[in-house]
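The structure under discussion appears below in the form of structure tokens.
The values are calculated or read from the model by the stated rules, or taken from the named source; none is laboratory data. This structure is a prediction, so every number in the text was calculated from the model and none was measured. All Cβ positions, even for glycine, are placed from backbone atoms using ideal geometry, and neighbour counts span all protein chains on display. Ligands, DNA and RNA are stripped out before the accessible areas are found, and what is left, the full protein with its side chains, is counted by its heavy atoms. Shrake-Rupley method; radii C 1.70, N 1.55, O 1.52, S 1.80 Å.
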Amino acid sequence: MSRQQGLPAMGRGWIKIAASLLIGSALVVVAADHPRADHPARTAAPVAVAADTAERSAVIAAIDRQLAALARDDAAAAFAMAAPALQARFGTPDRFLRMVHHAYPAVIRPVRVDYGPAWRLADGRFVQRTILQTRKGGVVMAVYTLEVIDGQHRITGCFLFDTPAEAV
């Protein structure tokens with residue numbers, strides 16, 4: 001069973017909800033392709049679809065910019081990649097960077113980053129699955145959420161799940 005790194009029990013409850021929503025979104029996409037014409041999902045619009053190549057590239061570029069900023073402890077640049085709501089929550093770049101170092105150590109200088117599929121949700125937001133190999137040899141799945149603000153992909157959240165190395 002996976003869990004989110006560095007959050008109190010209440011925070012881990014939210015991660016279970018987010019994971020359920022992400023899995024549910026993927027199931028709706030799969031169900032929409034179900035061969036039975038009378039299947040209920042055939043008449044409903046999918047909740048998520050695979051991001052096209054350009055969208056996926058923009059999503060990955062945004063995450064890469066934030067990871068690069070975090071690797072050099074550039075609080076201002078890392079904070080700039082966060083969506084306004086996230087910025088408002090933490091207030092300053094330094095507070096944001098301290099939170100990331102405390103709650104998300106896997107995103108600080110990972111030795112390897114592998115990007116999986118990206119999904120565009122019906123409301124225009126994006127979800128990107130990423131596998132991070134940590135400096136301590138661990139493997140973590142990071143699920144990033146992003147939205148487009150003024151033409152730029154900005155990160156709205158990151159959920160970390162422990163992943164057995166053999167599962168990657």
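Does the range 15-23 contain any residue that is closer than 14 Å to Arg125 by Cα, at pLDDT below 95 and open to solvent by 30 Å² or more (accessible area, probe 1.4 Å)? Yes: the range 15-23 contains one or more residues that are closer than 14 Å to Arg125 by Cα, at pLDDT below 95 and open to solvent by 30 Å² or more (accessible area, probe 1.4 Å).
Looking only at residues of the range 125-141 that are of a type in the set (A, V, I, L, M) and under 14 Å from Val111 (Cα atoms), we find that the one that is most open to solvent (accessible area, probe 1.4 Å) is Met141.
From the list Ala78, Ala41, exactly one residue is at pLDDT below 95, farther than 18 Å from Val148 by Cβ and open to solvent by less than 50 Å² (accessible area, probe 1.4 Å). Which is it?
Exactly one residue qualifies, and that residue is Ala41.
Just wondering, is there one or more residues in the range 53-65 that are more than 21 Å from Ile149 (Cβ to Cβ) and free of Cβ contacts under 8 Å to residues at least 60 places away in the same chain?
Yes, the range 53-65 contains at least one residue that is more than 21 Å from Ile149 (Cβ to Cβ) and free of Cβ contacts under 8 Å to residues at least 60 places away in the same chain.
Of the residues making up the range 82-124, just one is loosely packed, with under 12 Cβ neighbours inside 10 Å, assigned to a helix (DSSP H, G or I) and free of Cβ contacts under 8 Å to residues at least 24 places away in the same chain, namely Ala88. Close contacts from the range 125-144, counting a first residue that is closer than 14 Å to Ala48 by Cβ and a second that is hydroxyl-bearing (Ser, Thr, Tyr) and not in a strand (DSSP E or B), with Cβ to Cβ under 9 Å and a gap of 6+ residues or different chains, come to Val127/Ser25. Surrounded by 12 or more Cβ atoms within 10 Å (Cβ to Cβ), at pLDDT 95 or above, out of contact with any Gly (no Cβ under 7 Å at 6 or more places or on another chain) and within 21 Å of Phe96 (Cα to Cα): does that describe Ala51? Here the answer is no, as Ala51 does not meet what is asked.
Across the range 125-168, the qualifying residues are those that are outside any loop (DSSP other than H, G, I, E, B), among the small types (Gly, Ala, Ser) and modelled with pLDDT of 95 or more, and the one among them that is farthest from Met99 (Cα to Cα) is Ala142.
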